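A.B. asks: My questions will all concern the structure given below.
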Amino acid sequence: MNFLSNLPKIKKKKQKRRGRGLGSGRGSKSGRGTTRHQKARESIPLHFEGGQGRMVKKYPLLRGKGKNKSIEGKKLAITVGRLNIFADGDTVDIKALNKHGLLKEGKRKITVKIVAGGELKKKLTVKLPVSKGVKVTIEKLGGTVQS
């Protein structure tokens, strides 16, 4: 029979309770090293530099919409299977992709690459960057790649 009194005793050391007044013996600075002010507190902001001006404030402000966006154009991957919209012998470039509705015309520069996925059944002339496997596929069908 296992009663509570027969269970093995587990000893666990109590945690030190710091910062609970001067009478506790672990009060005042509570092991934080500094006497008071911001560095003695629990959460200090990352930009705190001891009262001097923050590093962030030293740089000019970039105001306006989209100022912090990268200048690099958006990259878009189009699968080979989607090129079956074109007729045999068509030339595939960004203008042609826009015309057929595969791209939305945007103000920013768009980089397009044709990647594997699906099956191509048309003979096309592609004037865009393509992956190695896609290049082989297009040339097997009698098309050409000019990137």
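A.B. asks: What FRET efficiency comes out for T144 versus L103 if R0 is 25 angstrom and r is the Cβ-Cβ distance? Round to the nearest 0.05. Walk me through the numbers on the way to the answer.
C.D. replies: Working: r = 21 Å, r/R0 = 0.86.
Taking R0 as 25 Å, the efficiency between T144 and L103 is 0.70.
A.B. asks: Among L124, L7, which comes first, then next, by fewest other beta-carbon atoms within 10 Å?
C.D. replies: Numbers: L124 24, L7 8.
So the residues, fewest neighbours to most, are L7, L124.
A.B. asks: Whole angstrom only: what separates the Cα centroid of segment 88-147 from the Cα centroid of segment 4-18?
C.D. replies: Cα centres, segment 88-147 to segment 4-18: 71 Å.
A.B. asks: On to the next question. Just tell me which lysines come within less than 25 Å, Cα to Cα, of K29; anything on the same chain fewer than 8 places away is out.
C.D. replies: K13, K14, K16, K39
A.B. asks: Now for a different question. Hey, which of these cross-link pairs are over 21 Å Cα-Cα: K99/K132; K74/K122; K74/K127; K99/K122; K113/K135; K75/K104?
C.D. replies: Working: K99/K132 26 Å; K74/K122 28 Å; K74/K127 18 Å; K99/K122 18 Å; K113/K135 12 Å; K75/K104 13 Å.
The pairs that break the limit, which is 21 Å between Cα atoms, are K99/K132; K74/K122.
A.B. asks: Within segment 116-147, list the residues whose amide N lies under 18 Å from a label point set 7 Å along Cα→Cβ of T91.
C.D. replies: Answer for this model: 123-130, 143-147.
A.B. asks: Let me know the charge dipole size of segment 74-145 about its Cα centre in debye, to the nearest 20, where only the beta-carbon of Lys, Arg (+1) and Asp, Glu (-1) is charged.
C.D. replies: Numbers: 17 positive and 6 negative charges, 85 e Å.
Charge dipole of segment 74-145: 400 debye, to the nearest 20.
A.B. asks: Take peptides 12-19, 23-30 and line them up by average Cβ neighbours within 10 Å, highest first, as a rough protection proxy.
C.D. replies: On the way: 12-19: 8.8, 23-30: 12.4.
The peptides rank, most packed first, as 23-30, 12-19.
A.B. asks: Right, next: With a/c under 1.5 counting as rounded, go ahead and sort segment 74-145 into rounded, prolate or oblate using the C-alpha gyration tensor (a ≥ b ≥ c being the square roots of the eigenvalues; past the cut-off, prolate if a/b is larger than b/c, else oblate). Please list the in-between numbers first.
C.D. replies: On the way: a/c = 1.97, a/b = 1.51, b/c = 1.30.
The shape class here is prolate.
A.B. asks: To continue, here is another question. Residue by residue, what Karplus-based ³J(HN,Hα) values in Hz, rounded to whole numbers, does segment 109-114 have, using 6.51, -1.76 and 1.60 with θ = phi - 60° and x for Gly and Pro?
C.D. replies: 6, 10, 9, 10, 10, 9
Coordinate-derived values only; no laboratory data. Bear in mind the structure is a predicted one, so any value in this text is a computation, not a measurement. Cβ: placed from backbone, ideal geometry, glycine included. Neighbour counts: every protein chain shown.
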